[in-house]
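The values are calculated or read from the model by the stated rules, or taken from the named source; none is laboratory data. All values derive from a computational prediction rather than experimental measurement. Here the Cβ positions follow ideal geometry from the backbone for every residue, glycine too, while neighbour counts run over all protein chains shown. The area values use the complete protein model at the heavy-atom level, side chains included, leaving out ligands, DNA and RNA. Shrake-Rupley method; radii C 1.70, N 1.55, O 1.52, S 1.80 Å.
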Amino acid sequence: MGRTGRPCKLTPELINQASDLIAQGLPYYSTAAACGISTATFMAWKATGHEHRASGIVSRFSDFLDAVEKAVACCQLSLLRLITSAAESSQQW
């Protein structure tokens, strides 16, 4: 007997959309809203990704977690570069 109920919204397209928004600096709650999901769903998908990763399972949830973590790192690096550039400029604030 197959699974019944609503299909999961976690698609490769949603993963790309969410990671693009996070890389641009959007917080998780805004990213979730822009993707049409609740913050609770977003965080549950991350938690499931952690569980799957810890168990060695490759799934759309572990892919989601990987994409989110990479996007956060890209955003942090971008902000660090911006701060460094501003600190090195001769312009006084």
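Considering only residues that are touching a helix residue (DSSP H, G or I) at 6+ places or on another chain (Cβ under 6 Å) and among the hydrophobic types (A, V, I, L, M, F, W, C), which ones fall in segment 11-28? I'd like the intermediate steps shown before the answer.
First, pick out the residues of segment 11-28 that are touching a helix residue (DSSP H, G or I) at 6+ places or on another chain (Cβ under 6 Å): 15, 18-19, 21-23, 25, 28.
Hits for segment 11-28 are Ile15, Ala18, Leu21, Ile22, Ala23.
Which residues, taken from segment 1-45, are closer than 13 Å to Val72 by Cα and open to solvent by less than 70 Å² (accessible area, probe 1.4 Å)?
Residues satisfying the conditions are Ala18, Ser19, Leu21, Ile22, Ala23, Gly25, Leu26, Pro27, Tyr28, Thr31.
Can you pull out the residues in segment 46-64 that are open to solvent by 80 Å² or more (accessible area, probe 1.4 Å) and within 15 Å of the chain's Cα centre (by Cα)?
Within segment 46-64, His50, Arg60 meet the criteria.
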